[in-house]
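The block underneath contains the structure these notes are about, expressed in structure tokens.
The values are calculated or read from the model by the stated rules, or taken from the named source; none is laboratory data. Note that the structure is a prediction, hence the values are computed from the model and not measured. Note that we place each Cβ from the backbone using ideal geometry, even for glycine, and neighbour counts take in every protein chain shown.
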Ligand code: HSE
């Protein structure tokens, strides 16, 4: 049997597990491929570090060239994470004619277009299924099974850490810090959890999804991004009373005049599928013009689900090598469609304000919203602090332009009857 050799960059939580599966299931995997799939080398930062006993020390090296420039390596698996040096190492590996598998969303979001073009030039495959949704197959379906469709929209929960935190806060009244600590202990969070909390990780994933769905490069910097760190527990309670859950959503929609792409906390109906995605689970809802709505659901973070996908990508490439052909879908990112600025996006809103409790206040608020062409769908007075003579008002609106809502809240903040605009959460119906 022909031998197909794999070089691994990185033996952290995911890298070790990938090595484990490649070594332990070697016979079964080789049988599936019709060639021997052999783990050739594992590049690590510190070879003396204590590692699980299943990692053979003789495979370890601290020199990335032992993988990316090694003539004996056919497939490079990059699991170091972060932008540098993975970008440089993947570029070198592809330039050296090696197939690459990666779970690196940051590199694929920021430089995927360039790397895919280079891979096409060099006639090698670059697979990155694990970069979005860990264990959920979503990029292959977008490239292959849904290829006949025009994709109209993506609505997704693609960050396990924030979904875990939001679920704990909503269902168990756990405070934010405790929930974050638990997510970190469970290995869901990035090494710097700011990327999770501030929506950056989700924006990378949306960039990858939207680029494939709409066949145009959607850069992370094109995506309006807002995280969960400013959410207040009160809004979870009010949302629930109004029939909504609060989720960090990644949303991309195709319009005649461009694409909208945004990541932010959003209220979704308690009856919707997305509202019921809890904990580390991710869900990606896609609407195709032929297929209609589809939901992909599964574990979106963690070593084992990521390993499941990374090894599958290795096997796909190995099968192609064994068959002597490179059957890979052409990744066409050749349309040029503009991403609309957030100010031009239309959505409904939940607005929580604290106002002076006196006659004429509601009329004044309604006038400001009306002046900005914002139509109110309901108003509820939630609490009254008689001593401070303030009232908390929750307003739900019909769809309105983001620019109008921003201008209206700025105007509301300047009114003497206003104590504060306490929360503004977009509603995704
Ligand atoms: N930090 C990521 C998450 C891991 O929480 O979803 C998977 O990309």
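Taking the conditions exactly as written (over 16 Å from residue 108 (Cα atoms) and more than 13 Å from the ligand (Cβ to nearest atom)), does residue 196 satisfy them or not? For residue 196, the condition - over 16 Å from residue 108 (Cα atoms) and more than 13 Å from the ligand (Cβ to nearest atom) - is not met. The residues on offer are 250, 261, and the sole one that is away from the ligand (no atom under 16 Å from the Cβ) and buried (at least 19 other Cβ atoms within 10 Å of the Cβ) is 261. Within segment 410-425, residues that are under 24 Å from residue 248 (Cα atoms) reach partners that are modelled with pLDDT of 95 or more and surrounded by fewer than 16 Cβ atoms within 10 Å (Cβ to Cβ) with beta carbons closer than 6 Å, at six or more positions or on different chains, in the pairs 421/413. Looking across 180, 186, 206, one residue alone is assigned by TED's automatic domain parsing to the domain that holds residue 273, more than 9 Å from the ligand (Cβ to nearest atom) and touching a strand residue (DSSP E or B) at 6+ places or on another chain (Cβ under 9 Å). It is 206.
For segment 128-144, the candidate set comprises residues that are away from the ligand (no atom under 16 Å from the Cβ) and more than 13 Å from residue 296 (Cα to Cα); within that set, the residue that is farthest from the chain's Cα centre (by Cα) is 144.
For segment 1-68, list the helices (runs of 4 or more DSSP H) that sit wholly inside it and hold at least 2 residues that are at pLDDT 95 or above and touching a helix residue (DSSP H, G or I) at 6+ places or on another chain (Cβ under 7 Å); which are they?
Fully inside segment 1-68 and qualifying: 13-24, 26-33.
Candidates 191, 117, 95: the one that is modelled with pLDDT under 95, more than 20 Å from the chain's Cα centre (by Cα) and either over 21 Å from residue 249 (Cβ atoms) or more than 16 Å from the ligand (Cβ to nearest atom) (or both) is 117. Does at least one position in segment 302-320 carry a residue that is in contact with a helix residue (DSSP H, G or I) (Cβ under 9 Å, 6 or more places away or on another chain) and outside any helix (DSSP H, G or I)? Yes, segment 302-320 contains at least one residue that is in contact with a helix residue (DSSP H, G or I) (Cβ under 9 Å, 6 or more places away or on another chain) and outside any helix (DSSP H, G or I).
Among the candidates 370, 288, 360, 292, the residue that is assigned by TED's automatic domain parsing to the domain that holds residue 145, more than 20 Å from the chain's Cα centre (by Cα) and either away from the ligand (no atom under 16 Å from the Cβ) or surrounded by fewer than 18 Cβ atoms within 10 Å (Cβ to Cβ) (or both) is uniquely 292.
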